[in-house]
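The values are calculated or read from the model by the stated rules, or taken from the named source; none is laboratory data. Here the structure is a predicted model, which means the values were calculated and not measured. Cβ sites come from the backbone with ideal geometry, for glycine too, and all protein chains shown count toward neighbours. What goes into the accessible areas is simple: the full protein's heavy atoms, side chains included, and nothing from ligands, DNA or RNA. Shrake-Rupley method; radii C 1.70, N 1.55, O 1.52, S 1.80 Å.
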Amino acid sequence: MRVAVECSSPLLQKSLELFLGSYLDSSKKSDIVIRDTKCLNDPKCFYIANNEDADLLKPFSKSQLILALEKRYETLHQKEEKLTPKEELFEDEGMDFSVLEKRIEFLTNEYKENVLRAVKAFYEK
């Protein structure tokens, strides 16, 4: 889940950034955009305010925020899954293991070099 924060209140903006440190991303790449102003016809928008029509009422705790965002994220992805057949999703996902293979090869070579250095150091004594 990637979240962007766009609040007019600096205090709310900073609080949300502290709460959501690991979830933060740019608004273009995010799944959800948190705002403190009413947003119309934007499914990515998550509205926080004192109003009854808000997605999350102030004041709130970090856990309440995370739970509400996770629920919104799930509902957004359920809508996307209904729009796209599962077969098409698996066909488009090409498994590319080349990066993983290169990483394993690098780590194996590094391990081999370390073992050889240790053996040489033992016998050179």
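Pull up the stretch 2-12, narrow it to residues that are part of a helix (DSSP H, G or I) and out of contact with any Asp or Glu (no Cβ under 7 Å at 6 or more places or on another chain), then point me to the one that is most open to solvent (accessible area, probe 1.4 Å). So the residue we want is Leu11.
How about the stretch 43-66: which of its residues are of a type outside the set (A, V, I, L, M, F, W, C) and outside any helix (DSSP H, G or I)? Explain how you work it out, then say what you get.
Within the stretch 43-66, the first condition is being of a type outside the set (A, V, I, L, M, F, W, C), and the residues that meet it are 43-44, 47, 50-53, 55, 58-59, 61-64.
Within the stretch 43-66, Pro43, Lys44, Tyr47, Asn50, Asn51, Glu52, Asp53, Asp55, Lys58, Pro59, Ser61 qualify.
Being assigned to a loop (DSSP other than H, G, I, E, B), among the acidic types (Asp, Glu), over 17 Å from the mean Cα position of the chain (by Cα) and modelled with pLDDT under 85, is that true of even one residue in the stretch 91-107? Please lay out each step first, then the result.
To start, the set of residues in the stretch 91-107 that are assigned to a loop (DSSP other than H, G, I, E, B) comprises 93-97.
Narrowing the set further to residues that are among the acidic types (Asp, Glu) leaves 93, 96.
Those left that are additionally over 17 Å from the mean Cα position of the chain (by Cα): 93, 96.
Next, only the ones that are modelled with pLDDT under 85 stay: 93, 96.
Yes, because at least one residue in the stretch 91-107 is assigned to a loop (DSSP other than H, G, I, E, B), among the acidic types (Asp, Glu), over 17 Å from the mean Cα position of the chain (by Cα) and modelled with pLDDT under 85.
Look at the stretch 13-42: where a residue is assigned to a loop (DSSP other than H, G, I, E, B), no partner that is of a type in the set (Lys, Arg) and open to solvent by less than 40 Å² (accessible area, probe 1.4 Å) sits 6+ places away or on another chain with Cβ atoms under 6 Å. Residues of the stretch 19-57 that are of a type in the set (D, E, K, R) and open to solvent by less than 70 Å² (accessible area, probe 1.4 Å): Asp25, Asp31, Arg35, Asp36, Asp42, Lys44, Asp55.
Screening Leu76 against (1) in contact with a strand residue (DSSP E or B) (Cβ under 8 Å, 6 or more places away or on another chain); (2) at pLDDT 90 or above leaves a single unmet condition, (2).
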